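Everything below concerns the one structure shown next.
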Amino acid sequence: YCMFLDGDDWFEPEAIPRIAGCLREWKPDVLMFNHQQVWPDGRKIPNVPNRYVDLGDRWVDLTDPAVRKGASRNLHVPWTKAYRMGFITDRGLLFPRQTYYEDMVWSIRATVEAGAFYYIPDVLHNYRRHPQSSLHTTHDGHFNIIRECRRIEALLKDRADYRRWYGVKLYGYIRSTLFGVINTGARIPKAREGDYLKEMSALLMDFRRMLGLWGPDPLVLAAATGNSGIYSAMSRWAVRINRWKGRAYRLKRKAFG
């Protein structure tokens with residue numbers, strides 16, 4: 001088995017024995033665990049369930065695609081999982097030679113192609129947050145995410161079973177990630193915002209056609225104009241709607257557990 005750890009992150013002291021015990025018991029292709037964000041001021045914020053991904057507070061067997069699809073919109077990074085080396089080599093999992101968003105397709109392929117797949121809720125990984133990291137600075141490298149999403153589109157086109165089980169969930173993840181790049185501020189150079197919006201909307205429209213999602217998406221249509229002013233106005237409206245949905249989800253969890 002192998003795990004990934006960025007140079008400025010760290011595992012909790014009990015992480016390795018806890019993970020090793022689960023690997024010995026279940027012998028999975030992939031074991032996923034939880035993490036927390038660590039901010040410069042010392043705050044530690046554990047990853048918590050949301051209305052997209054709620055795996056609960058106990059271990060879960062995700063081997064069945066019908067169960068796993070509920071977790072397929074999870075954060076697609078390599079450092080929240082342990083991987084069987086034979087699975088990696090058998091599937092030919094390789095990272096692309098690029099600096100930004102290089103782990104997206106790798107992580108999604110590992111998630112959908114694994115055989116035995118388990119999750120434990122233990123917070124075992126500490127992810128250090130840097131407000132001035134490369135992912136929060138302005139450069140054209142952020143266009144790489146569109147290239148990576150096109151690779152996910154190709155994967156789903158080639159595999160009807162992946163498309164059936166995971167297509168809609170992955171579309172939701174890709175949509176929120178693409179919008180996140182333009183919405184979180186100053187990642188895309190101002191002069192290239194129109195190009196990004198048009199490329200992003202074309203990609204999402206192709207996804208929708210592939211998956212048979214024919215209802216209108218106002219945010220995608222606003223992005224298609226390539227006009228950042230029109231898109232920003234629609235985005236503010238969408239933020240209010242999402243906040244309402246988030247509150248509704250939290251109230252539901254509080255009321256019904």
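The values are calculated or read from the model by the stated rules, or taken from the named source; none is laboratory data. Everything numeric here is computed off the predicted structure, so don't read it as measured data. Here the Cβ positions follow ideal geometry from the backbone for every residue, glycine too, while neighbour counts run over all protein chains shown. The area values use the complete protein model at the heavy-atom level, side chains included, leaving out ligands, DNA and RNA. Shrake-Rupley method; radii C 1.70, N 1.55, O 1.52, S 1.80 Å.
Counting only protein heavy atoms and using a 1.4 Å probe, what share of the accessible area of the chain belongs to carbon plus sulfur, as a whole percent?
55 percent
Of the cross-linked pairs LYS69/LYS254; LYS169/LYS252; LYS157/LYS190; LYS190/LYS245; LYS44/LYS157; LYS44/LYS81, which ones have a Cα-Cα span greater than 28 Å in the structure shown?
Details: LYS69/LYS254 24 Å; LYS169/LYS252 21 Å; LYS157/LYS190 33 Å; LYS190/LYS245 31 Å; LYS44/LYS157 40 Å; LYS44/LYS81 20 Å.
Flagged as over cut-off: LYS157/LYS190; LYS190/LYS245; LYS44/LYS157.
What number comes out for accessible area per residue over the chain if the probe is 1.4 Å? Units Å², please.
53 Å²
Along the charge dipole of the stretch 142-254, Cβ charges K/R +1 and D/E -1, which of LEU251, TYR173, ILE152 sits furthest on the positive end?
The Cα lying farthest towards the positive end belongs to LEU251.
Restricting to the chain, compute how many DSSP beta bridges are antiparallel as a %, nearest 5.
So the antiparallel bridges in the chain amount to around 60 percent.
What is the distance in Å between the Cα centres of the stretch 148-195 and the stretch 44-79?
Taking the Cα centre of each part, the stretch 148-195 and the stretch 44-79 sit 19 Å apart.
LYS27 label point, 7 Å along Cα→Cβ, cut-off 18 Å on backbone N: hits in the stretch 92-116?
From the stretch 92-116, the list is 114-116.
Taking the Cα centre of the stretch 144-256 as origin, sum charge times position over the Cβ atoms of Lys and Arg (+1) and Asp and Glu (-1), and report the length of that vector in debye to the nearest 20.
700 debye
Assign unit charges at the C-beta atoms only (+1 for Lys and Arg, -1 for Asp and Glu), then state the dipole size of the chain relative to its Cα centre in Debye, rounded to the nearest 20. Write out the running numbers ahead of the final one.
Numbers: 41 positive and 27 negative charges, 211 e Å.
In total the dipole reaches around 1020 debye.
When the dipole is taken about the Cα centre of the stretch 6-158, and only Lys, Arg (+1) and Asp, Glu (-1) are charged at their Cβ, what size is it in debye, to the nearest 20?
Working: 21 positive and 21 negative charges, 51 e Å.
Taking the Cα centre of the stretch 6-158 as origin, the dipole is about 240 debye.
When ranked by the protection proxy of mean other Cβ atoms within 10 Å per residue, highest first, what sequence do the peptides 156-163, 204-211, 171-178 form?
Ranked by mean Cβ neighbours within 10 Å, highest first: 171-178, 204-211, 156-163.
Put +1 on the Cβ of each Lys and Arg and -1 on the Cβ of each Asp and Glu in the chain; which of LEU55, HIS130, ALA233 then has its Cα farthest toward the positive end of the dipole?
The Cα lying farthest towards the positive end belongs to ALA233.
Could you state the orientation-averaged shadow area of the convex hull built on the Cα atoms of the chain, in nm² to one decimal?
14.6 nm²
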